[in-house]
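Heads up, the thing below is written out as structure tokens.
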Amino acid sequence: MKIVQVPRRFVVSEWGGTETTILQTSRALQRAGHESAIFTSLALSNERRETIQGVPVQRFPYSYPFFGLTANDRRDMDKKGGNLLSLSLLLGLLREPGVDLIHAHTGKRVGGVVRTAARLRGIPYVVTLHGGYFEVPKGEMDQMLAPIRNRFEWGRLFGALLGARRVLEDAAAVVCVGGDEYAAAKAQLPGQRVELVPNGVDCDAFAQGDAVGFRAAYGIAADRRIILCVSRIDYQKNQIGLVEALATVAAQIPTAHLVLLGPVTVAGYHERLLATVADLGLTERVTLIPGLRPDDPMLPAAYHAAEVFCLPSLHEPFGIVILEAWAAGRLVVAARVGGIPSFTTDGADIIHAQPGDTADLAARLLQVLGDPALAGRIATAGQAKARRDYAWSAIAGRLVEIYRELPRGRRG
């Protein structure tokens, strides 16, 4: 079977959970004897063709069909949420030989391109929802729409021609990674096939890491007790709330140190984050590290250098970094939000904090930092769950089952 995966963008410099899922399922499909490739736009990249960990990637020219966009507007849309148009991608999908199925990882106009290519080829397509399709917090939506506010959109006709509003309804199946979005999809897509297929983790890749080398590389003293957060620098991820919680934690644990690791996807939020760190007098207690390549040995090293992993998101469809922390044997404190409660159990394999509640987050961090026995028990349970339930081979195997069960030919 030959499957083409289609995300909105795909670059190692802006890596996140969606990219990890697409790459690792593609690799697992290859190991199972299938052919898998990634077709995407040239957003944030100048390379038309690239191979990433054995998976071929093709990128195609694109535009944002709005009048009056500045270079900064386009850059912001590249980084997060831009509804791009790529007729070159459509031609690429139509010309690629031997494709059995197209798997979209986005909706809107790119999803419409996948829908149109699949219909013209007479093959099925699947859509995975990686979060944010049915419910996005108002503040987050306002930020994403800011670059196109009061701009005339000349691309509506293309959206209509591509069937962008019918991407989910006409798909052969809709796949959700998180339990909350799965429930929403089941309710809002009556009669559609909706499947829950969670994200996975390469447990072996995170089982070992050079903690000493990580501290040396980033100038973090050996006595510092590291709280790690791996996520995009973005209002959705709420790093400012974590910095504010650190101020409370550090007042009781002077050696507490926060490491924020991830690419900047919202420049304005990054500026606010830096200002908050400075205003709270935490400059010497916070280390910011740009996003790392998925194969960089410093990534597992960061987990092993940490005492606690924290994900304070305001909106989180799944949280694949929780699986990575589990695989590294690290205790996780995370906001009880989105899809996180669907695969974690408070007090057993994770500690939940109330979303957006800085005081509660600080209390939970102090709880686990002050109770090594509790932290060890929960971390061990998380590591066992990651190995038992979330191997990429099992996740890819479930996708293959879905692919094989799909009807061939056009829908809609």
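The values are calculated or read from the model by the stated rules, or taken from the named source; none is laboratory data. Only a predicted model underlies this, so the values are computations on that prediction, with no experimental measurement involved. So basically every Cβ, Gly included, is an ideal-geometry build from the backbone, and we count neighbours across all protein chains shown.
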- Message: Please determine whether any residue of region 5-22 is under 22 Å from ALA118 (Cα atoms) and among the basic types (Lys, Arg).
- Response: yes
- Hey, ALA160 surrounded by fewer than 16 Cβ atoms within 10 Å (Cβ to Cβ) and either modelled with pLDDT under 90 or assigned by TED's automatic domain parsing to the domain that holds TYR125 (or both) or not: yes
- Okay, helices (runs of 4 or more DSSP H) sitting entirely in region 177-238 with 1 or more residues that are of a type in the set (Val, Ile, Thr), I get 211-218
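Residues checked against (1) at pLDDT below 95; (2) assigned to a loop (DSSP other than H, G, I, E, B); (3) buried (at least 17 other Cβ atoms within 10 Å of the Cβ); (4) within 25 Å of the chain's Cα centre (by Cα):
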| residue | (1), (2), (3), (4) |
| --- | --- |
| ASP76 | yes, no, yes, yes |
| LEU93 | no, no, yes, yes |
| PRO97 | no, yes, no, no |
| ARG109 | no, no, yes, yes |
| ILE123 | no, yes, yes, no |
| THR128 | no, no, yes, yes |
| GLY139 | yes, no, no, yes |
- Message: If I ask for residues that are under 25 Å from GLN383 (Cβ atoms) and acidic (Asp, Glu), which ones from region 203-234 would you list?
- Response: ASP204, ASP210
- Message: For region 239-255, give me the residue count where each residue is crowded, with 24+ Cβ neighbours inside 10 Å and not in a helix (DSSP H, G or I).
- Response: 0
- The lone exception for ARG49 - which of (1) closer than 27 Å to SER231 by Cβ; (2) in contact with a Lys or Arg (Cβ under 9 Å, 6 or more places away or on another chain); (3) of a type in the set (Lys, Arg); (4) surrounded by fewer than 21 Cβ atoms within 10 Å (Cβ to Cβ) it fails: (1)
